[in-house]
Amino acid sequence: MIIAIASGKGGTGKTTVAVNLAQLYTGPLQLLDCDVEEPNLHLFLPTGEVDEEIITVPIPVVDENLCDGCRACSDLCEFNAIIVPKKVALVFPEMCHSCGGCMMVCPQKAIKEKEQRIGIIRRSRTGSIQLIQGLIDVGVTSVPPLIRAVKKRVDPALSVLIDAPPGTSCPVVTSVRGAGYVILVTEPTPFGLHDLALAVEMVRSLGLAFGVVINRVGIGDERVQEYCRREKIDILLEIADDRRIAEAYSRGQLACEAVPEFRQSISVLKERLEKLAVLHAAGRRS
Amino acid sequence: MIRELVIISGKGGTGKTSLTASLAVLAGRVIMADCDVDAADLHLLFPPRNREKQPFYSGHEAIIRPADCIGCGLCLAYCRFDAVQMRGGATGHALFTIDPAACEGCGLCVHFCPTGAIDFPERLCGEWMISDTRIGPMVHARLGVAAENSGKLVSLVRKQARELAEKEGIGLIITDGPPGIGCPVIASVTGASQVLAVTEPTLSGEHDLGRVLGLARHFDLPAAVCVNKWDLNPEMTERIESKARLSGAQIVGRIRYDSGVTRAMMQEKSIVETDTPAADDIRAVWEQLK
């Protein structure tokens, strides 16, 4: 089963939950870092050899000798990525979504596609964990294509954990789409509650099964728990606030190795997820 | 000229919004702009009274009319966003639908559909608001659930904030930026007067700050850096500050780890409106910035 770990608000503990949960799996596991703007999983896992692959998107290139300025391309393009200012078409690569439309409608066959780099995918291995990370190049706006490329490397035969970016917009949707289950990590503060409600709206609109992990319990109040009860949302785990967890995190150390109570919490979470996976499989069969 | 200070972080949850709120209080006459449009939180500290509320339409969305679909599958063949899904239809031929969460609105399927069975209405992507708060005006927005085009909504919020600043003769805009370094962040910082990157003394904070300062250099923006919760790991704070200096950023101060920060949030106040040690640190940061 693919399990995605997301949150509306940033910094609530997605990466901490993902990396420590991965550590407790015994069988082979794929761990995907879909927070391609700020990937962090590698900071917590000692990895050996890293295999890097350049990821590109196709961008149109106009042959000025063939283009007759008919504007079929600019009429079709919804993103103003190709315009015909004078006699020939001009491309704005940073606006382009790589749909391929301009190339297909060009009656002169004057448009070809050229691959343009947007980032890299890093693959490495630590024990039974296969880590696959996307890393977007600085200055690149089109993040979802790189996330899709990371997710294309999923092996459906394995257990898969996905660390999603924060928020609720297209990079998050691209990351969690198709997951069998989503864990939403939050904290018991007004910001945590507000952004959790947005994330819940998002996963519900996508029709995904989900539950909530409340991190740093004790720093705020009970409003997140009350919200979950009211909305009939499963609270998978509550993690007590503990400065030792924050300090381990700051050093890039696995919290489950530094704080025994935290390891216990994460193994409870893992058991709950395993039960859910069995339930899901049963649901699919019936 | 209107000065625009944008608070960003790379990594989420380092204290952008809490710091933005406090700096706005210290600044006095200021326009606040909340550019974290898919998880906007500034309004939770400054309850807004809406002056103006507008829908945000952006792009289009392809929708197949099942009655007119002949099941040829051209749309599936052309779509590069895995947005077209195939199901068996009741009449025997395949039935195609479009997943709105995956559709990027390129319109290729609409153009090529042989029976013209695909509608292409404008997409409602959210709303934006101009509000009054207890400390001054705020421009903010709400991106629709699972919606696209956050960058365009960010640009719209900034444009409205600039117009409002001109109209009201206010010389400073303080902007709460989104996390990351992608499209909405780029839309938040391009053309700004200065960015303030707030980070935390963790390996992730260090890593993500490096990327966000890279972005500031890429767009040739003056950058300032502030380490929040610095005493959680003093050695890491030193390391982050010296790296930031090397990359040309100005260090504008440190904020200590203080449970009063969360207490202020629970009371729906900015930190500097409460009496807690971190408030002094933030006042010192503002002295460097103003």
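Values quoted throughout were computed directly from the atomic coordinates according to the rules given, and no laboratory measurement underlies them. Everything numeric in this text was worked out from a predicted model, so none of it was measured. Every residue, glycine as well, gets a Cβ built from its backbone with ideal geometry; the counts of neighbours run over all protein chains shown.
Listed values, structure above:
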{"quantity": "For B:A94, distant residues with modelled amide H under 5 Å away", "calculated": "B:G89"}
{"quantity": "Under-5 Å amide H pairs with B:V225, H placed in peptide plane, nonlocal only", "calculated": "B:A197, B:Q250, B:I251, B:V252"}
{"quantity": "Ratio of Rg to Rh over chain B (Cα coordinates, Kirkwood Rh, two decimals)", "calculated": "1.09"}
{"quantity": "Loop trypsin sites (Lys or Arg not before Pro), region A:226-286, which have at most 13 other Cβ atoms in a 10 Å radius of their Cβ (DSSP)", "calculated": "A:K232"}
{"quantity": "Whether the protein assembly as shown is rounded, prolate or oblate, judged on the alpha carbon gyration tensor where a/c under 1.5 counts as rounded", "calculated": "oblate"}
{"quantity": "Top of B:G136, B:G171, B:G116 by mean-square fluctuation, Gaussian network on chain B, Cα under 10 Å", "calculated": "B:G116"}
{"quantity": "Simple Cβ-charge dipole of the protein assembly as shown, Lys/Arg +1 and Asp/Glu -1, about Cα centre, in debye nearest 20", "calculated": "520 debye"}
{"quantity": "Neighbourhood net charge (10 Å Cβ-Cβ; Lys/Arg +1, Asp/Glu -1) for B:E127", "calculated": "+2"}
{"quantity": "³J(HN,Hα), Karplus 6.51/-1.76/1.60, whole Hz, each residue of region A:259-269, x for Gly, Pro", "calculated": "10, x, 4, 5, 4, 4, 4, 5, 6, 5, 4"}
{"quantity": "Distant-in-sequence amide H partners of B:A40 (H built 1.01 Å from N, under 5 Å)", "calculated": "none"}
{"quantity": "Rounded FRET efficiency, nearest 0.05, which uses the C-beta distance separating B:A67 from B:D280 and R0 of 51 Å", "calculated": "0.15"}
{"quantity": "Filtered trypsin sites (Lys or Arg not before Pro), region A:1-96: DSSP coil and at most 11 other beta carbons within 10 Å", "calculated": "A:K86, A:K87"}
{"quantity": "Of every Cα-Cα pair in chain A, the percent that sits beyond 30 Å", "calculated": "39 percent"}
{"quantity": "Between 0 and 90°, nearest 10: helix B:16-27 axis offset from chain B longest Cα axis", "calculated": "50 degrees"}
{"quantity": "Highest-fluctuation residue, A:T16, A:T189, A:T26 considered, GNM on chain A with Cα pairs under 10 Å", "calculated": "A:T26"}
{"quantity": "Phi to ³J(HN,Hα) by Karplus 6.51 cos²θ - 1.76 cosθ + 1.60 over region B:254-261, Hz, x for Gly, Pro", "calculated": "10, 10, 6, 6, 8, 5, x, 5"}
{"quantity": "Exposure proxy ranking, count of Cβ atoms within 10 Å, fewest first, for B:Y57, A:Y181, B:Y257", "calculated": "B:Y57, B:Y257, A:Y181"}
{"quantity": "Chain B - mean residue ellipticity at 222 nm from DSSP helices (-39,500 (n - 2.57) per run, n ≥ 4, rounded to 500)", "calculated": "-10500 deg cm²/dmol"}
{"quantity": "Shielding by other protein chains, B:106-114, mean Cβ within 10 Å", "calculated": "4"}
{"quantity": "Principal-axis tilt of helix B:203-218 within chain B, Cα atoms, nearest 10 degrees", "calculated": "80 degrees"}
{"quantity": "Helical contribution to [θ] at 222 nm, DSSP H n ≥ 4, -39,500 (n - 2.57), averaged over chain A, rounded to 500", "calculated": "-10500 deg cm²/dmol"}
{"quantity": "Inter-site label distance for B:S193 and B:F219 at 7 Å from Cα along Cβ, in nm", "calculated": "1.7 nm"}
{"quantity": "Lysine pairs meeting the criterion (Cα under 29 Å, 8 or more apart or interchain), as found in chain A", "calculated": "26"}
{"quantity": "For region A:226-232, 3J(HN,Hα) per residue [Karplus equation, 6.51 cos²θ - 1.76 cosθ + 1.60, θ = phi - 60°, Hz, x = Gly/Pro]", "calculated": "4, 4, 4, 5, 4, 8, 6"}
{"quantity": "Degrees separating the helix B:150-168 axis from the principal Cα axis of chain B, which is the longest one", "calculated": "50 degrees"}
{"quantity": "Contact order normalised by residue count of chain B, Cα under 8 Å, 6+ apart, percent", "calculated": "27 percent"}
{"quantity": "Paramagnetic reach from A:M95 (point 7 Å along Cα→Cβ, amide N under 19 Å) across region B:155-182", "calculated": "B:155-157, B:159"}
{"quantity": "Longest exposed-site-free window of chain A, the sites being GluC sites (Glu not before Pro) in a DSSP loop that have at most 13 other C-beta atoms within 10 Å", "calculated": "A:65-221"}
